[in-house]
Each structure stands twice: as C-alpha cells, then as structure tokens.
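Colleague: Can you read through this structure? Questions will come right after.
The values are calculated or read from the model by the stated rules, or taken from the named source; none is laboratory data. Bear in mind the structure is a predicted one, so any value in this text is a computation, not a measurement. Methodologically, a virtual Cβ is constructed for each residue, glycine included, from the backbone with ideal geometry; neighbour enumeration extends over all protein chains shown.
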Amino acid sequence: MKPTHCPPRHVDWASGTLRGEPLIRKTTRLGALAGVFADEHAWRQGDPELAVYTVEMFDSPSGEGELYTGVTHLNPGRVGDEFFMTRGHFHARREQGEVYFGLRGEGFLLLQDEQGQTRLEKVAAGSVHIIPGNTAHRLINTGTEILSALAVWPTTAGHDYASLAGGFAKRITTHNLQLMAKEVQNG
Ligand code: PA5
Ligand code: NI
C-alpha cells in the first residue's frame with residue numbers, strides 16, 4: 001500500500017518564493033519608514049510608494065508553541081548613503097528567539113541586545129543565524145540584488161518596534177564604494 005501523505009508547503013531555495021496556503025504577504029514602502037533612516041532629507045526626497053521589502057509567510061494558529069515560517073525579500077537601494085533595511089524589532093515576548101537562513105543576495109543581520117550592544121552577521125545563501133531571546137534584529141541589504149532570508153519564529157513572539165523608535169546603535173553606510181559601520185547614539 002502506498003503511504004498517504006499531505007502535500008507539503010514549499011520554499012524555492014533559490015528565490016525564497018513560498019507556495020502553500022494560507023499565505024500572507026505584506027509590502028513595506030519607503031513612505032512607511034519614517035524615522036528609520038538617518039538622512040531624513042534624503043528619505044523625504046524618495047518615492048513614498050517605492051517597495052523596500054516584502055514579507056511572505058505561511059499563516060499559522062496563534063497558540064503557545066505554534067511557529068510562523070516566512071521569507072523577507074529586501075530590495076537593494078539606499079536612502080542617502082545608508083542601505084535599505086527592515087524596520088527591525090525586539091519581540092514583544094522578549095525571551096523568544098528566531099532563526100534566519102540566508103537564501104540569496106548579500107547583506108547583514110544586525111543584532112542588538114537590551115544594553116545596546118550590537119553585532120553584525122553576514123547574510124548570504126546558506127547562512128544560518130540563531131537569534132537568541134532579548135535580541136533586536138534587522139536585515140540590511142548591502143548588495144545589488146534582492147536579499148532574501150527565511151525565518152522561523154513563535155507565533156506568540158509579537159513585534160515591539162517602539163523600544164527601538166530611537167534607532168539601533170549601529171548604521172551601515174557606503175562611502176566611495178566602501179562599506180562603513182558607524183556606532184551611533186540615539187539612532
Ligand atoms: O519575524 C521577523 O523577524 C521577520 O519576519 C521580520 O518581521 C521581517 O524581516 C520584517 O521586519 P520588521 O518586522 O522589522 O519590519
Ligand atoms: Ni523577529
């Protein structure tokens with residue numbers, strides 16, 4: 001007798017495209033990222049409708065112990081001399097972690113603990129990033145292609161953006177084609 005099975009959900013490893021239901025899709029546009037980039041003048045000059053990143057995720061039940069799986073597709077681009085990045089967040093349930101897997105493109109995962117200590121991990125196809133609890137996280141695309149990363153996190157984690165309203169303590173910029181990491185206070 002043939003084994004019976006449920007058709008699995010699917011991720012295309014090369015592009016990060018998800019297939020399966022129910023699928024949620026949300027695009028964050030430049031206009032929604034007020035206060036995120038250091039150069040406010042450059043941000044205001046940009047097209048507010050420009051897509052900066054899209055998150056696709058499989059919807060999941062919301063109870064304790066359940067997991068979301070999603071992919072962030074972060075476009076290449078800059079605001080002033082600063083690379084496109086996600087807003088970044090702590091989890092509302094601070095103790096809950098997350099795992100990111102690089103799929104394509106190149107960039108960094110910026111991690112910051114509650115004391116404001118930062119570290120960068122290089123994101124590329126095949127990279128694995130274990131984000132512990134109590135650690136804010138943000139993706140930064142330093143390349144010329146889309147940066148896509150798969151993530152798995154508890155459905156109960158939630159997002160706390162407000163605690164980082166003043167910005168992360170590190171910014172990644174480019175100057176004369178060189179990548180620069182700048183420590184900053186108050187974002
Ligand atoms: O769960 C995550 O950490 C990711 O799916 C992010 O939510 C995604 O990268 C978008 O970033 P942000 O929520 O900071 O806008
Ligand atoms: Ni998260």
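Colleague: Would you mind telling me which numbered condition in (1) touching a strand residue (DSSP E or B) at 6+ places or on another chain (Cβ under 7 Å); (2) within 15 Å of ligand 2 (Cβ to nearest atom) residue 172 fails?
Modeller: (2)
Colleague: Enumerate the pairs (first residue in region 157-171 and without any contact (Cβ under 8 Å) to a residue 40 or more places away in the chain; second residue anywhere and more than 13 Å from ligand 2 (Cβ to nearest atom) and of a type in the set (S, T, N, Q)) with beta-carbon separation below 6 Å, excluding pairs fewer than 6 apart on the same chain, so at least 6 apart or on different chains.
Modeller: Taking only residues 6 or more apart or on different chains, the pairs are 166/186.
Colleague: Mind checking which residues of region 123-161 are hydroxyl-bearing (Ser, Thr, Tyr), more than 11 Å from ligand 2 (Cβ to nearest atom) and touching a Phe, Trp or Tyr at 6+ places or on another chain (Cβ under 9 Å)? Even if it seems obvious, please write down each step before you answer.
Modeller: Applying the first criterion (hydroxyl-bearing (Ser, Thr, Tyr)) to region 123-161 yields 127, 135, 142, 144, 148, 155-156, 161.
Next, from what is left, pick out any that are more than 11 Å from ligand 2 (Cβ to nearest atom): 127, 142, 144, 148, 155-156.
127, 142, 155 - these are the residues of region 123-161 that are hydroxyl-bearing (Ser, Thr, Tyr), more than 11 Å from ligand 2 (Cβ to nearest atom) and touching a Phe, Trp or Tyr at 6+ places or on another chain (Cβ under 9 Å).
Conditions (1) exposed (fewer than 15 other Cβ atoms within 10 Å of the Cβ); (2) more than 15 Å from ligand 1 (Cβ to nearest atom); (3) of a type in the set (A, V, I, L, M, F, W, C), marked per residue:
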site	(1), (2), (3)
57	no, no, yes
68	no, no, no
76	no, yes, no
97	no, no, no
108	no, no, yes
112	no, no, no
130	yes, no, yes
140	no, no, yes
163	yes, no, no
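Colleague: Could you please find all residues in region 12-55 being of a type in the set (A, V, I, L, M, F, W, C), surrounded by 13 or more Cβ atoms within 10 Å (Cβ to Cβ) and under 18 Å from residue 167 (Cβ atoms)?
Modeller: Of everything in region 12-55, those that are of a type in the set (A, V, I, L, M, F, W, C), surrounded by 13 or more Cβ atoms within 10 Å (Cβ to Cβ) and under 18 Å from residue 167 (Cβ atoms) turn out to be 30, 33, 36, 37, 38, 42, 43, 52.
Colleague: Here's another thing I want to ask about it. Return the only residue of 144, 173 being more than 16 Å from ligand 1 (Cβ to nearest atom), modelled with pLDDT of 95 or more and closer than 14 Å to residue 36 by Cα. Spell out how you get there, then give the answer.
Modeller: Numbers: 144 fails: closer than 14 Å to residue 36 by Cα.
Going through 144, 173 in turn, the sole match is 173.
Colleague: Quick one: which residue in 173, 156 is in contact with a Lys or Arg (Cβ under 9 Å, 6 or more places away or on another chain) and closer than 24 Å to residue 77 by Cα?
Modeller: Numbers: 156 fails: closer than 24 Å to residue 77 by Cα.
Of 173, 156, the one residue that is in contact with a Lys or Arg (Cβ under 9 Å, 6 or more places away or on another chain) and closer than 24 Å to residue 77 by Cα is 173.
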